[in-house]
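Here the structure is laid out as structure tokens; the discussion comes afterwards.
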Amino acid sequence: MRPTARRIPAALLAAGVMLLSACSSNTSLSTAGTGSAAPDAATSGGAFPASATSRDTPFNAFGSIPDPTEGARKIIENPTIADVMMTGTLPEMTLGRPDAPVTIVQYASLTCPHCRAFHRETFPEFKRTYIDTGKVHFIMREFPIGKQSGNATIALRCAPPDKYFTLYGKFMEQQPAWVSQEVRLDPIFAVATQVGMTRAQFESCLENQAMIDGLKWVKERGRTLGVIGTPNFFVQGKLVKKTLTMSDLRELVEPLLSAPRAASAAQ
């Protein structure tokens, strides 16, 4: 049976964001600019400068992709695994066996303290127990919240694929050093240099409109699937809106591992 879709007025969606206990997505994503974080472009129509060297040419770097229903966003109710696994122009960033019996997708913002808590307190054991043993295929999807996160996310995607998760970890570990209400590119670059990124590469990344459009698609697709904050997870297609502990993961994953046929049938 095909999933049904419902349309949520933008005002109600914004109100729902504030109810989340995790990091909320009520600010837009953008590349370089100055000043404090701006309201979401979906509601403010905000446009932000492309880079530190082209401040006079505003564009909507990470604003929401327009919805044809004027002020409403289509949300897929009860998405299928096929819905969750749909991809855009950017490759998925993954760990573990693609044919693992369980797939877990995480939506994360680099500036989110709850994402940092998951990365530091839960992810190492989760990786050892489930990813490295071939039980879970893990997919990371970007859901930047705010301008500073948007810039850092662009830098993250510019890293060589084999250094993506290394740089993600460095952004998480070093959050206090680079996260700010104002857009500050130098602290972001200081983290990116730790995986060998040059200043020229960094500046070029901030101008890469094709990649920016691809990241916009990833976030907007997440919203369509019901993601409105971070961290959010899809565990074998089931959306979980909380910062998962190792106990939570065992409770979610173990039944799927003990019933592989049922898990396979769900796909």
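The values are calculated or read from the model by the stated rules, or taken from the named source; none is laboratory data. Computed from a predicted structure; not experimentally measured. FYI the Cβ positions are ideal-geometry reconstructions off the backbone, even for glycines, and counts take in every protein chain you see. Surface areas here come from the heavy atoms of the whole protein model, side chains and all, with no ligands, DNA or RNA. Shrake-Rupley method; radii C 1.70, N 1.55, O 1.52, S 1.80 Å.
Mean separation of Cα pairs under 8 Å and 6 or more residues apart, divided by the residue count, gives the stretch 159-267 a relative contact order of 14 percent.
Pairs of Lys residues in the stretch 74-212 are counted when their Cα atoms are under 30 angstrom apart and they lie 8 or more places apart or on different chains; the count is 9. Label-to-label distance, ASP186 versus SER247, with points set 7 angstrom from Cα along the beta-carbon direction: 4.5 nm.
Using a probe of 1.4 angstrom and keeping all protein chains present, the accessible surface of the stretch 150-222 works out to 40 square angstrom per residue. With θ taken as phi - 60° and the Karplus curve 6.51 cos²θ - 1.76 cosθ + 1.60 applied, the whole-hertz 3J(HN,Hα) list for the stretch 229-236 is x, 9, x, 10, 10, 10, 9, 6 Hz, x standing for glycine and proline. The portion of the accessible surface of the stretch 109-261 made up by carbon and sulfur, rounded to a whole percent, is 51 (1.4 Å probe; DNA, RNA and ligands excluded). Per-residue Karplus couplings for the stretch 204-216, computed as 6.51 cos²θ - 1.76 cosθ + 1.60 with θ equal to phi - 60°, are listed in order as 5, 4, 5, 9, 7, 5, 4, 5, 4, 4, x, 5, 4 Hz, Gly and Pro entered as x. Compared with the alpha-carbon gap, the fully stretched path from ASN208 to GLU173 is longer by 10.0 nm at 0.36 nm per residue. Between the amide H of ASN232 and those of TYR107, distances stay under 5 Å, these residues lying 5 or more places away or on another chain, with hydrogens modeled in the peptide plane.
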